[in-house]
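To keep things clear, I will list the structure first and then write my remarks on it.
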Amino acid sequence: MSKKYTLLKKDGKARRGQFETPHGTIQTPVFMNVGTLAAIKGAVSSMDLKEIRCQVELSNTYHLHLRPSDKVVKKLGGLHQFMNWDRPILTDSGGFQVFSLAKMRKIKEEGVYFNSHIDGKKIFMGPEESMQIQSNLASTIAMAFDECIENPAPREYVERSVERTTRWLERCKTEMDRLNSMPDTINKEQMLFGINQGGVYEDIRIRHAKEITKMDLDGYAIGGLAVGETHEEMYKVIDAVVPHLPEDKPIYLMGVGTPSNILEAVDRGVDFFDCVLPARNGRHGNVFFSEGKLNLMNAKYELDNRPIDEGCECPTCKNYTRAYIRHLFKAKEMLAMRLCVLHNLYFYNKLMEDIRDAIEGGCFKQFKEEKLAQWEGR
Ligand SMILES: [Zn+2]
């Protein structure tokens, strides 16, 4: 297998790298912008994503399987063509949604039986089905189908679940290889990331990391975090797992998180991130800025003629004031959400650029401390 991840520079444990994909090179560390249903919630288009310098879009297997269905997307040429986005796309496996959204689920060795959260229809999804759906979507990177365990969970349950997740990963790999060799597959170079699980039990996490490393996948994710444990527990797990994952593959921390979480995880060797937080916060008028967070609904912004963030180069800050956006929220104009989501996603993408520069310059620790102090108003 040709080399896809190149480690360009290490600063402490923080990694500055490059990941080659069939849809272009990803500069890491990277934040993936979450477009669950092939669109960023808040009326942000793929054209907007280019303007706010998004590198990777993330879409959701479970949701797209239900609506419009992966078969429809395949007929329309795959996700890239469907949503008019020519850069990398990562699709999650559907596992997290099956375990968090679906009703009446039954986990068996072959996979999970559950009812659709939309119309209650009975559905089965196992490793093979997840790979088939993601192959139909033709994303750049597919995620392995795993069980996402809630925290806290009893040790015996976690142990049995992780063993099954390993067996599922082997099946994912076999099925992905088969699909990539089929003549009518849209993306025959689809990549597969495995997912480390094990709750907050470090020994189970480490054992699992070693097992999945043997499978020589394109990348590795740390899953099952940010689901109920404390930040300190999360950082302990990352500290324990990262040294047992291969250095020549990217590491993805799933579903994380706040700007501070991202800095802490980069400092522990993580390369890929995704989170609904910037878009979700933006839709409620909560915006990130150089001194932390502010809420535009607050009365004190009624006459505030400054942009959200004075130094920000995003399309929102270059053109509109806090007072105007506050008015749009009060008047329930859709534009309010759009402008705030654009700003928040730009803030995240720019943060990652600054992180990459700091690692290249060998001053990441200092950069991290300065940012944390600024955001916490120290
Ligand atoms: Zn801005």
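Every number here is computed from the coordinates shown, using simple stated rules; none is lab data. Please read all numbers here as calculations on a predicted model, not as lab measurements. Note: ideal-geometry Cβ built from the backbone for every residue, glycine included; neighbour counts use all protein chains shown.
One table, with the values for the structure above:
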quantity: Cα-based Rg and Dmax for the chain, where Dmax is the largest Cα-Cα distance (Å); calculated: 20.5, 61
quantity: Antiparallel DSSP beta bridges within segment 1-126, percent to nearest 5; calculated: 75
quantity: Segment 315-378: radius of gyration over Cα atoms, expressed as a fraction of 2.2 N^0.38 Å; calculated: 1.46
quantity: Rough spin-label spacing in nm, given labels placed 7 Å along Cα→Cβ, for Glu310 and Arg164; calculated: 5.6
quantity: Rel. contact order, % - alpha carbon contacts under 8 angstrom, at least six apart, the chain; calculated: 17
quantity: Principal-axis tilt of helix 127-137 within the chain, Cα atoms, nearest 10 degrees; calculated: 50
quantity: Calculated FRET efficiency for the pair Glu353/Lys50, C-beta based, R₀ 22 Å, to 0.05; calculated: 0.90
quantity: Estimated [θ] at 222 nm from DSSP helical runs (n ≥ 4, -39500 (n - 2.57)) normalised by residues in the chain, nearest 500; calculated: -12500 deg cm²/dmol
quantity: Cα-Cα P(r), segment 60-200, percent of pairs per 10 Å interval; calculated: 12, 42, 33, 11, 1
quantity: Sites Glu232 and Val276 - FRET efficiency at Förster radius 22 Å, r taken between beta-carbons, to 0.05; calculated: 0.45
quantity: Relative contact order, percent, segment 1-124 [alpha-carbon distance under 8 Å, six or more residues apart]; calculated: 17
quantity: Distance between modelled label sites at Ile107 and Gln18, nm, 7 Å Cα→Cβ extension; calculated: 4.1
quantity: Contour minus Cα-Cα distance for Ser100 and His117 (0.36 nm per residue); calculated: 5.1 nm
quantity: Highest-fluctuation residue, Asp119, Asp92, Asp216 considered, GNM on the chain with Cα pairs under 10 Å; calculated: Asp119
